[in-house]
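Engineer: If you scroll down you'll find the structure; I have some questions about it.
The values are calculated or read from the model by the stated rules, or taken from the named source; none is laboratory data. All figures in this text were calculated on a predicted structure; none of them were measured in a lab. Cβ atoms come from the backbone with ideal geometry, glycine included; neighbour counts cover every protein chain shown.
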Amino acid sequence: MSSLAAARTDVVGSLLRPARWKEARLRLDSGLMDRESFAALEVDCVKKNLELQEDAGLDVVTDGEISRLNFQDSFGLSVSGYDSGRGESIGSQENRSRGGTPLSRWEIPDLAGPGTPVIHRRPVRQRLQLTRNVPLEEYLRVAPLAKRPVKVTLIGPDRVAQRVQREVAYVVAVHEHPAFGHLVEPRQQIDNGRLAAAGGPEQRNCLPWLDLQ
């Protein structure tokens, strides 16, 4: 590369949520705000995120992962078959990060507790099924609003495999365990199927992320 002008720029990870989004999400979680009103506010936040990135001159933009309480929601909210126990809220996410300090190792206090799969290490009770397509939903919402190419991100199969509660001894190979047999299949449907049909860019495998570039 002879010039920095040839370097492509984009966002890795999420953007900080604005205070009004956090306040609205708390109201939604508490039943004090309806989903339609929250969705409208969230779209406005997406527009602000796009404006920020486009004004900065980024070549590829994202929605800032505004809807995700955790980046691993791309898979955890898309499949059924886990024994999850309960869903997440903005309050539960903030509680689990208490005690953490910048630039230091943080031990997740409730990793094996109930909650959204992958965020929490939960057991698989039956073959996983794709019930939502979270990355596709995000792409279809943000793409018409953007002036530049859009990407969405999802976790790779290695992270999924790391975050399944082992029901057998570790010596059993992952591919021999029936609970793991089709973990990757729903993921492949997520990024190889309808997302491509909707105009999404091709995937590039750069584990631990499958970064849709």
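Engineer: Can you list the helices (runs of 4 or more DSSP H) found entirely within the range 116-213 that contain at least 1 residues being at pLDDT below 85?
Structural biologist: 157-162, 184-192, 194-197
Engineer: Out of (1) part of a loop (DSSP other than H, G, I, E, B); (2) on the phi > 0 side of the Ramachandran plot; (3) surrounded by 13 or more Cβ atoms within 10 Å (Cβ to Cβ), what's the single condition that is false for residue 110?
Structural biologist: (2)
Engineer: Under 19 Å from residue 153 (Cα atoms) and under 20 Å from the mean Cα position of the chain (by Cα) - does that describe any residue in the range 51-59?
Structural biologist: yes
Engineer: How about the range 103-122: which of its residues are hydroxyl-bearing (Ser, Thr, Tyr) and touching a residue at least 12 places away in the same chain (Cβ under 8 Å)?
Structural biologist: Kept after step one, since they are hydroxyl-bearing (Ser, Thr, Tyr), are these residues of the range 103-122: 104, 116.
Of everything in the range 103-122, just one residue is hydroxyl-bearing (Ser, Thr, Tyr) and touching a residue at least 12 places away in the same chain (Cβ under 8 Å), namely 116.
Engineer: Checking the conditions here, which among 11, 43 is among the hydrophobic types (A, V, I, L, M, F, W, C) and under 17 Å from residue 155 (Cβ atoms)? Before the answer, list the steps.
Structural biologist: Numbers: 43 fails: under 17 Å from residue 155 (Cβ atoms).
The conditions single out 11.
Engineer: Can you list residue pairs whose Cβ atoms sit under 6 Å apart, with the first residue in the range 123-136 being β-branched (Val, Ile, Thr) and the second being crowded, with 17+ Cβ neighbours inside 10 Å and outside any strand (DSSP E or B)? Count only pairs 6 or more apart in sequence or on different chains.
Structural biologist: Hits for this filter: 124/179; 134/74; 134/77; 134/78.
Engineer: Give the residue, chosen from 67, 92, that is among the small types (Gly, Ala, Ser), under 22 Å from residue 21 (Cβ atoms) and not in a loop (DSSP other than H, G, I, E, B).
Structural biologist: Values: 67 fails: not in a loop (DSSP other than H, G, I, E, B).
So the residue among 67, 92 that is among the small types (Gly, Ala, Ser), under 22 Å from residue 21 (Cβ atoms) and not in a loop (DSSP other than H, G, I, E, B) is 92.
Engineer: Consider residue 24 against the criteria (1) assigned to a loop (DSSP other than H, G, I, E, B); (2) free of Cβ contacts under 8 Å to residues at least 24 places away in the same chain; (3) among the small types (Gly, Ala, Ser): it satisfies all of them except one. Which criterion is unmet?
Structural biologist: Unmet for residue 24, out of (1) assigned to a loop (DSSP other than H, G, I, E, B); (2) free of Cβ contacts under 8 Å to residues at least 24 places away in the same chain; (3) among the small types (Gly, Ala, Ser): (1).
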